[in-house]
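Taking it in order: structure first as C-alpha cells, then the write-up.
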Amino acid sequence: MKNLRNLLVMALLPFFGTSQLTEHEVRQMTQTASEQQLVVECSRMLQDGYFFYSEIVVDRLLQINPNSANYQYRKGYIVLDSRLDWITAMPYLEAATSSIDKNYDMYSAKEKSAPADVYYHLARCYHLDEQLDKAKEYFNKFIEVSNAKSVNVAKAQLMLIQCDVAKNLIANPKSARVTNVGKVINTVYPEYSPAISLDGSALYFTSRRQWEDQSTDDYRDPQLNQFPEDIYVSFIGPDNEWTSPERLAFCTGKLNEATVTVSPDERRVYTYEDRTGNGDIYYSDFKMNEFQKLNLLEINSVNTKYWETHCTVTPDGLNMYFVSDRPGGLGGRDIYRVVKLPNGKWSEPINLGPTINTPYDEDSPFIAVDNKTLYYSSNGPSSMGGFDIFVTVRDNNNKWSEPINLGYPINSTGDDVFYTTTANGTTAYLTSFRKNGFGEKDIYKIENDYLNIQNVAVLKGLIRTSDGSRLPESVFASIQCLDCGDNMEYSMYPRIRDGAFYNSLVPCREYVIKFKYDSLSPVGYSEKFKTSCELGYEEIYKEIILDVNKKTFSPVRNYILDGIVADKANGQPINLATVKIKDNSTGKEFEMLSTDLAGFFKSKVLEGRFYGQEVSLMFTISKDGYITQSFDFNQKLEDKLEFHLKYLLEKSAVGVDLAKTLELNPIYFDLDKSNIRPDAKIELDKIVKVLNDNPTLVVEIGSHTDCRASAAYNKALSTRRAISTLNYIKPRISNPSRIYGKGYGESQLITNCPCEDDIISSCSEDEHQANRRTEFRIVKQ
C-alpha cells in the first residue's frame, strides 16, 4: 500500500527533466514546492546522480526540518559521495544516527529517520579521518543491521581489512615528505592527474577551473555542477616556484580533456576523453609551436567499446601500459601492456596478470625511466582505503615482483592516484584529497630517499642554438647500443621549449649517439660512450650546440679556466686580489672573484662553451698597493680543455715605468716626426686603460729622441712628441690633469749612439729607433 501511495504521489508531481534543469529553476522550485514534493524530487535526483541539484533541495528540506535524521543523512551522503568531503559530511551523518529505520522510505516526507546505510557512510568518514577504531566499529554495526543483500556489505567488509592495513602503515611511517604544491597549481576546483617532466621542470595536469572569460559556464556538468576538464602546464621559474598555468591549445571548453601522460620530449600529450561515450585514449602532438587537435589513439586493440582510462609509455617509446575494463580481465579495471615490434607494429594487448591485477580496480599506471619500475593505484585489500599507490619491478623474464604499498604518508586512507616521478624517482607527484587542501582534489609533491631508481643509466642531453634562437622542430638525436645484440637505433627528439632530451640506457654497455638537423640531412655529429658497470643510478650528460645557419653541431666540452695572481718582483701569491672578468663579445661583466691564500681563483666563464667557439675575455686584476692591470684572453676552444693562467702585479711605487710594467711595445716615432703612429695607438690605449683602472696615479710622459740633429732641435722635437702623446691620452682618461708631458731630447739615450759635432754614429737604424721612445713613470700614487 505504501509503495502504491508513493507512486500516486509521484504521478501527481510535476516532472522536472533533471538533465535540462538550470540551477535557477531548481532554486525557484524549492521555494514553491511542498515538503513531499521536495522529498520526491530530491530522491529522483539522487537516483539519477544529480548530486548538485539534490543538495540544493536537501538544504531547503533542512530549513523546513533541521532535526530530521532523514535530511541530515541525505546531506552527509551527498557531500561525502559527490566531493569526498568527509570533514563536512561527518557531523550530519553523526546526527543522523540518532534515528534508524530499517524500512526506510526515501520517497516519503513522513520519514524522519535515516536508513541503516548511515552507519556505512559514517564509517567511511571515520576511515578517511584516520579514526580507524571508530571506523571499524561502524562498519561492523552496519554489517550487523543491514540487509545482507546490500551492495555496501561487501564494501564494508573490504574496508574493515583496509582499516587494519591503515593502522599498520600509519604505525610504521616511511621517511617521505608530502606537501601540497600550493595555490598557483591548486584552486578551489579539482586539480588532478599530474604528469611531471623527467627533470621536474614542467608539470602537466587536469583542472576543472572556470575559464577566465566565463565561456565554460554553460558547459558545467549538471550532476556535480563542475566545469569541464581542461589540461594545463606550469613550469618551474627562476625563483624555483611554479609559473601561472597555461591551458593547452586543443582544449575546447565544451568537452572534457584530461591529462593521461606526457612523452619525455613533451611533444606528445596523451589524454582521456569520453566523446564516444565509452571513454578512450587520445593524443595531441606539438607542432608549429603549439599542441594540435586531439586524435584517437589507433594502436592495435588499445581503445575498444569498453572503458580505457589511462596509459603510460616508456621513455624509449617501445612499450605502452594502459587500463581497460574489457571482458577477460581479472575483475574491475586491469592494466595491460602492448609492445612495439621490430616491424613497427604493436603487439596484441597482454594482461599484466594476477601479480598486479586483482578482482578490484587497478588504474593510473606510470612506468619509470628504467622501463621496468611500474607505479600504479589499486583499491583492493592491500590498500589503506580507496586507491593506494603500489610499486612493482619487471625482471628480464618479464615477470613482475610482488607489489609493495608505498606506505604512509605517501598513501592516505582516501584515494591516492596518478603517481608520477622525475628521472631518479626521489621526487614524485600524486592526486589526493587531504585535510587543509585547496579544493576537492589537490596535487601533492612527494620527496623521499628510498624510492630512487636503481641499476639504470639515464641519458640527459641538451641541444641549444649558437645564437639563442628557437630550436627547429626537425632536429633530433638517435641512440644505438653497440653491444646489446639487437642493433636497434631509435630517435630522441628534444623538447622544443629548451632542447632537453632523455632516455634510459642499459648499464655496462657501449652506445653511439648521433645528431641530425632533419631526417634527410647527414649525421652532423656523433659520439661513442659507455655506461658504468657499477650498480646504482647513473646520469650521462651530453650537450650540443647547433649552428642553425650552417646546420652543424658541436659538442659542449667541460672547459676549465683558473689562475694565480702573484707579485711580479718576488713571485709571492697575492691573497684577496680582485679578479673581474668581462666578456668582450657582449661588453658585460661576467664574474668577479677573489683570490685565496695561494693567490688562486677559478672561473665559471668557460662552462657551457662549445667546441670551436671563439672566446674573447678581459681579466682586470686589482689589489691595494698594486697597479690594477687588465689582460686579454682570446682563445678558440678546441681539444685543449684546461687553461691555467698566471698574472703578475707590480706594486704601485714612484718611479715605476708603466711601459715596462705592462710590457708594452715601445712607443716609437718616425725620424723627425711627432705624430702618433698606428702601432703606437695600440700601446697608448693600454696606458689609457691602466690610468682609468688606477684613477689616483699621477704619471709623467717622458719623450726622447736619438742623437741625430742638434740638441736644441731634439729637445723641441721630444717636447712635441710628449705633447702629441699627451693630447692622445688626456681626452680618454678620467681626471686628465694628473698626467703631464716632458721632452728630454737626446739627454737620456738608452743605446750608446753619440753623433754630436763631427762624430759619425756607427749605430744601426734599430738602435737609433730604440732612443726615440716615450716613457710613463709614476710620480705620485
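The amide H of Ala500, built 1.01 Å from its N in the peptide plane, has Ile463, Arg495 as neighbours under 5 Å, considering only residues 5 or more places off or on other chains. Counting only alpha carbon atoms, the long axis of helix 69-83 and the longest principal axis of the chain meet at about 40°.
Segment Asp547..Asn343, full-extension length gain: 70.0 nm, with 0.36 nm per residue of separation and the alpha-carbon distance subtracted. Here Lys602 is the anchor, and the lysines within straight C-alpha reach of less than 18 Å, apart from those fewer than 8 places off in the same chain, are Lys580, Lys582, Lys623, Lys640, Lys646.
Taking Cα atoms only, the orientation of helix 117-128 departs from the longest principal axis of the chain by about 20 degrees.
Computed over protein heavy atoms with a 1.4 Å probe, the carbon and sulfur contribution to the accessible area of segment 104-202 reaches 52%. Report note on the peptides 183-191, 266-274: ranked by the mean count of other C-beta atoms within 10 Å, highest first, their order is 266-274, 183-191. Going by accessible surface with a 1.4 Å probe and the largest first, Lys542, Lys689 read Lys689, Lys542. Database remark: amide H of Gly612 closer than 5 angstrom to the amide H of Leu637, Glu638 (H placed geometrically; neighbours at sequence offset of 5 or more, or on other chains; Pro and chain starts carry no H). For segment 430-435, the Karplus equation 6.51 cos²θ - 1.76 cosθ + 1.60, evaluated at θ = phi - 60°, returns couplings of 8, 10, 7, 10, 9, 4 Hz by residue, with Gly and Pro reported as x.
For Lys673, the aspartates and glutamates whose Cα falls under 13 Å of its own Cα, not counting residues fewer than eight places away in the same chain, are Asp706.
Coupling constants for segment 460-471 follow from the phi torsions by the Karplus curve (6.51 cos²θ - 1.76 cosθ + 1.60, θ = phi - 60°), and in residue order they are 10, x, 8, 10, 10, 7, 5, 9, x, 6, 5, 5 Hz; glycine and proline get x. Leaving out ligands, DNA and RNA, what percent of the accessible area of segment 307-389 is carbon and sulfur, probe 1.4 Å? It is 56 percent, rounded to a whole number.
Separation of segment 524-544 from segment 266-282 is 35 Å, based on Cα centroids. Taking Cα centre as origin and charging only the Cβ of basic (Lys, Arg, +1) and acidic (Asp, Glu, -1) residues, the dipole magnitude of the chain rounds to 740 debye.
Distance between the 7 Å Cα→Cβ label points at Glu614 and Ser710: 5.3 nm.
Extension gain, Lys183 to Glu538: 0.36 nm times the residue separation minus the Cα-Cα distance gives 124.3 nm. For the chain, the 222 nm mean residue ellipticity estimated from helices alone, with every DSSP H stretch of n ≥ 4 adding -39500 (n - 2.57) and the total spread over all residues, rounds to -7000 deg cm²/dmol. With R₀ set to 56 Å, the beta-carbon distance separating Met488 from Ser150 gives a calculated FRET efficiency near 0.50.
Across segment 620-630, rounded Karplus estimates of 3J(HN,Hα) from the backbone phi angles (6.51 cos²θ - 1.76 cosθ + 1.60, θ = phi - 60°) give 10, 10, 9, 6, 3, x, 10, 6, 5, 10, 10 Hz, Gly and Pro being marked x.
For Gln63 and Asp395, FRET efficiency with R0 = 56 Å and r from the beta-carbon atoms, rounded to 0.05? Step by step, r from the Cβ atoms, then E = 0.35. Per residue, the solvent-accessible area of the chain (1.4 Å probe, heavy atoms of protein chains only, all protein chains present) comes to 46 Å². Going 7 Å from the Cα of Ile750 along its beta-carbon direction, which residues of segment 757-781 have the amide nitrogen within less than 18 Å of the resulting point? Hits in segment 757-781 for Ile750 at 18 Å: 763-779.
Using a 4.7 Å Cβ-Cβ cutoff, the cysteines of the chain lacking any partner cysteine are Cys42, Cys125, Cys163, Cys251, Cys311. Fully extending the segment from Lys636 to Glu589, taken as 0.36 nm per residue of separation minus the present Cα-Cα distance, adds 14.9 nm. Could you give the angle, 0 to 90 degrees to the nearest 10, between helix 51-64's Cα long axis and the longest principal axis of the Cα atoms of the chain? Result, in degrees: 60. Under a 5 Å amide H cut-off, with hydrogens placed 1.01 Å from N, Ile389 pairs with Leu406 among residues at least 5 apart or on other chains.
The values are calculated or read from the model by the stated rules, or taken from the named source; none is laboratory data. Not measured: the values here are computed from a predicted model. Methodologically, a virtual Cβ is constructed for each residue, glycine included, from the backbone with ideal geometry; neighbour enumeration extends over all protein chains shown. In case anyone asks, the SASA skips ligands and DNA or RNA and just uses the protein heavy atoms, side chains included. Shrake-Rupley method; radii C 1.70, N 1.55, O 1.52, S 1.80 Å.
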